[in-house]
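One structure is given below, encoded as structure tokens.
The values are calculated or read from the model by the stated rules, or taken from the named source; none is laboratory data. On a predicted model such as this, the values are computed, not experimentally measured, just so you know. All Cβ positions, glycine included, derive from the backbone under ideal geometry; neighbour counts span all protein chains shown. Areas reflect the complete protein model, heavy atoms only, side chains present, ligands, DNA and RNA absent. Shrake-Rupley method; radii C 1.70, N 1.55, O 1.52, S 1.80 Å.
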Amino acid sequence: MTFVLPIGPQHPALKEPEFFRFEVKGEEIVDVDIHLGYAHRGIEEALSRRNYKHNIYLSERICGICNVVHTTTYCQAVEQLAGVEPPERAKYIRAIIMELERIHSHLLWLGIAAFQIGFNTLFMLAWRDREYVMDLREMISGSRVHSATNTIGGVRRDVKTEHVPTILRGLEKLERSTKYYINLFGSDRTILARCTNLGVLSKKDAIKFCAVGPLARASDVKTDIRADDPYGAYDALSFNVVIEREGDVLAKGMVRLREILESIRIVRQALKEMPGGPIRTRVGLQMPPNETVERTEAPRGELLYYIRSNGTDTPERVRVRTPTYGNFASMKSMFVGGTVAEIPIVMWGIDPCFGCNDRVTLVDSRTGKTRIVSFDELRRRRK
Amino acid sequence: MMEVVDFVINSLVFPGLLFVSLVGLLYVGIDRKVTGHMQHRIGPPIWQEYLDMGKLLSKEDITPSAAQSFVFNIVPLVSLGAIVAVMLFLPVTSAQPALISVADLIVIIYLLNIPAICVMLGGYSSGSPFGASGAGRYVVQLLSYEFVFILAIIAVVARVGSLSLGTVVVYQAQQGWLVLDWRLLPAAIAALIAAQGKLLRVPFDIPEAESEIVHGALTEYSGPKLAIWRLAYDIETIVVAGLLVALFFGGPTTYVIGGTQIPGVVDFLIKTLAIVLLTTTLRNIMARLRIDQALKFYWSFAALLAIISLVLVLAVP
Amino acid sequence: MPRILPQVLKNVLRKPVTVKYPYVRVEPPEGYRGRPVIDKEKCIRCWLCIRACPDRAISVSKETKKPSIWLGRCTFCGECAEVCPTRAIAMTKEFELATYDIQQAKSE
Ligand code: SF4
Ligand code: SF4
């Protein structure tokens, strides 16, 4: 006898509203369904009603955590439509800010993962170090979160020479603490007890369900758009694609933590090799009719923008495919067979970002195989 | 007549309700402050717990209609009463507790379980899935730590040869602290681990894991009732610490320093604070276990420690 | 032994990284994008800022006939300050903008 355990739209394990329907048999999960759309804001429609310039700031607000990646992808797509190439220096600045963003996103992940398993000290320490990145970003771009640095044809703000030593010093601090966290995450007994062999995504399933980003890399799938399809300055920058084999929550965490080290390397290299010159080329806003697809590696995985222009200064259609959306398909294979107590940490292993994701609503088409237990009934059942 | 007055003063003022509330709230405040510093932040001021208590007491009490029942309303008070009663059995100023009975250790073990049972009742009667699953987890947790706790106490009892806490303290005054006795060291560690579970501290805060089940059994409580729960919990902290002090750390001792006599209560306060700080450290260096892992840990590792101790006490004279 | 123990004990002795916010303030860095302010003397009423603002936060004030920024919509992108030919709009370091008075939520 299975019954349905509703998780969400409001639930302490979720930081954003989303609804998950877990079918459980006792403590064991036998099936999971996702109902998307609780954070639907109509952004794609809104994107096709503003001009290309104004859209930058709208696409920045699709996701707060990975806003630079969103604007970079958007701007690269529009630059392709316009047929211009941003100056070299602009590409490097974009890479620097994007990597700082990846560092802060992964540290945020570490903090909340620690919170989900009740390790509040690690949570606080990870977020303390995240503050250093935020300060660097504030210094470079003028705001802790929304950098508003990208623009069509380049960047709006230069990385000043007097900032470089501060950035390097900040990176040093981050490198030290990241190494400490890697050591801690892989050796603390209680963390291992809560994270190993949980929510395992096998390599086969990761490929079958087209998992992206750290989730796929934790399952031994070597996929990283920065390396597979280099964009911007990534051609010239050298870095390793981090992979782990196990595919459990621990591996997912390890991939993210080791990626922080790679990001630190990238930022250092970019700061050193950054060419001089202009940071911006002026681009007219009238785009010839065309269409384009642009993809980048966001902290959570592959981010894809599709833009169709029609000769005016407004795009006809913008489609955004965020990494979390790409990862939902593999959820089932991670949850099924696990227990209810594992839901929060396994869920967080995906690093879901529902704000990013909810621009479409999927309608569940499966018909009554199981009975839905209403909330009242659940209450009477007392479990 | 005098006895009645004595009893009332004992239970309401010292070492009863007033004294333990003030000390308990302060200790949890210190715990929170130290936690803050351990996590490299400032943390709340140490009197924060008093402010929180005042805030909760002045707030509106919202009880969901599904939870409106006699049990739901009465359990906070029962639990507070039980835990204050334990305080009367603890030696606070001298080896003699405020209330004397022949086998007070058994009474204490019983009374210490009442708050736990109250939490479960409150959770089950709250009509919320979080409350119910918190209570369910609490049952499992109780089954795990209680066995270890009782075994550790039995080891002490077997060594001292008396079921009275006063005698245990007197024994330690003559023979030295029991924790320094190599036969009882494993039992002391086991008792500390059990206390960590009793006080719902990481890694055993499973019944109220906020990232999984909100606030567990107490999810639906609010306002004054929640304040009473908090008070009971804070008092429980000092009571459990006090019990450990009496069992293993020599209990309250009076010293004479420079001609003035330091009353035993000072010693009691210092020792309990040390135990509270020890649990604070423990809770800040670990992640929460899953309930099945906690059960396994208690029944294998912690129980083994206690049993070793018991066997040693019985076998090695 | 738990790995984090030395770190935790060290933290007790160190100065905390957090500050008591309303009493101790951390100054935002140079170039921070806070509340935009308009210097009405410099404004030449070219309305470029209105066209540049991505979320139509700027309107023309009825009384002064100069642009007025409604901070409820402003996203602090700084486009208006960038586009203004006379540098009449500047981004300040002010970031505590919560208010009960709707008049306060405007930059004129
Ligand atoms: S800062 Fe940006 S959003 Fe705010 S008024 Fe200026 S252009 Fe508009
Ligand atoms: S762009 Fe500057 S000068 Fe033009 S209207 Fe706006 S504030 Fe005035």
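Couple of notes before you dig in:
- Yes/no for A:ALA298 being of a type in the set (Gly, Ala, Ser) and either in contact with a Lys or Arg (Cβ under 9 Å, 6 or more places away or on another chain) or crowded, with 22+ Cβ neighbours inside 10 Å (or both): yes
- Within this structure, C:ALA88 fails the test of being open to solvent by less than 20 Å² (accessible area, probe 1.4 Å), within 14 Å of chain A (Cβ to nearest Cβ), within 16 Å of ligand 2 (Cβ to nearest atom) and among the aliphatic types (A, V, I, L, M).
- Scanning the range B:133-174 for residues that are closer than 13 Å to B:GLU208 by Cβ and hydrophobic (A, V, I, L, M, F, W, C) gives a single hit, B:ALA135.
- Being open to solvent by less than 40 Å² (accessible area, probe 1.4 Å) and within 13 Å of chain A (Cβ to nearest Cβ) is a property that does not hold for C:VAL12.
- Within the range C:36-65, tally of residues that are in contact with an Asp or Glu (Cβ under 9 Å, 6 or more places away or on another chain), away from every other protein chain (no Cβ under 12 Å), among the hydrophobic types (A, V, I, L, M, F, W, C) and more than 8 Å from ligand 2 (Cβ to nearest atom): 1
- Whichever residue in the range C:76-85 is within 11 Å of another protein chain (Cβ to nearest Cβ) and open to solvent by less than 60 Å² (accessible area, probe 1.4 Å) and, among such residues, is nearest to ligand 2 (Cβ to nearest atom): C:VAL83
- Counting the residues of the range A:156-204 that are on the phi > 0 side of the Ramachandran plot and either assigned to a helix (DSSP H, G or I) or open to solvent by less than 10 Å² (accessible area, probe 1.4 Å) (or both) gives 1.
- Search result, residues across the range A:258-292 that are of a type outside the set (Lys, Arg) and in contact with a Pro (Cβ under 8 Å, 6 or more places away or on another chain): A:GLU259, A:GLY277, A:PRO278, A:ILE279, A:THR281, A:MET287
- Pairs where the first residue, in the range B:162-184, is free of Cβ contacts under 8 Å to residues at least 24 places away in the same chain and the second is surrounded by 16 or more Cβ atoms within 10 Å (Cβ to Cβ), C-beta under 6 Å, 6+ apart: B:TYR171/B:VAL160
- Check on C:PHE95, within 11 Å of chain A (Cβ to nearest Cβ), under 19 Å from A:ARG61 (Cβ atoms) and away from ligand 1 (no atom under 12 Å from the Cβ): yes
- Total residues in the range B:195-213, condition buried (at least 24 other Cβ atoms within 10 Å of the Cβ), away from chain A (no Cβ under 14 Å) and of a type outside the set (Lys, Arg): 1
- Selection within the range B:21-55 - hydrophobic (A, V, I, L, M, F, W, C), away from chain A (no Cβ under 14 Å) and more than 22 Å from B:ALA241 (Cα to Cα): B:LEU51
- Residue count for the range C:66-75, restricted to those that are open to solvent by 50 Å² or more (accessible area, probe 1.4 Å) and within 14 Å of another protein chain (Cβ to nearest Cβ): 1
- Only one of the numbered conditions (1) more than 9 Å from ligand 1 (Cβ to nearest atom); (2) crowded, with 18+ Cβ neighbours inside 10 Å; (3) more than 11 Å from chain A (Cβ to nearest Cβ) is not met by C:GLN104, and that is (2).
- Count of residues meeting criterion [among the aliphatic types (A, V, I, L, M), open to solvent by 40 Å² or more (accessible area, probe 1.4 Å) and over 14 Å from B:ALA194 (Cα atoms)] in the range B:245-285: 9
- Qualifying residue in the range B:228-242 (condition: at pLDDT below 85, more than 14 Å from chain A (Cβ to nearest Cβ) and open to solvent by 10 Å² or more (accessible area, probe 1.4 Å)): no
- Selection within the range B:214-227 - open to solvent by less than 10 Å² (accessible area, probe 1.4 Å), of a type in the set (A, V, I, L, M, F, W, C) and farther than 19 Å from B:LYS55 by Cβ: B:ALA217
- C:GLY31 passes every criterion in (1) under 19 Å from A:GLU60 (Cβ atoms); (2) more than 15 Å from ligand 2 (Cβ to nearest atom); (3) of a type outside the set (Asp, Glu); (4) touching a His at 6+ places or on another chain (Cβ under 9 Å) apart from (4).
- Candidates A:GLY153, A:GLY142 - the one that is on the phi > 0 side of the Ramachandran plot and buried (at least 24 other Cβ atoms within 10 Å of the Cβ): A:GLY142
- Cross-chain or 6+ apart pairs with Cβ under 7 Å, the range A:249-266 first and without any contact (Cβ under 8 Å) to a residue 60 or more places away in the chain, then assigned to a helix (DSSP H, G or I) and crowded, with 24+ Cβ neighbours inside 10 Å: A:VAL255/A:PRO214; A:VAL255/A:ARG217
- Positions within the range A:101-116 being free of Cβ contacts under 8 Å to residues at least 40 places away in the same chain and closer than 12 Å to A:LEU174 by Cβ, in sequence order: A:HIS104
- Output for the range A:293-344, where each listed residue is closer than 20 Å to A:HIS35 by Cβ, within 14 Å of another protein chain (Cβ to nearest Cβ) and among the hydrophobic types (A, V, I, L, M, F, W, C): A:VAL340, A:ILE343
- Count - residues of the range A:122-155 that are among the aliphatic types (A, V, I, L, M), touching a Ser or Thr at 6+ places or on another chain (Cβ under 8 Å) and either within 14 Å of chain B (Cβ to nearest Cβ) or not in a loop (DSSP other than H, G, I, E, B) (or both): 5
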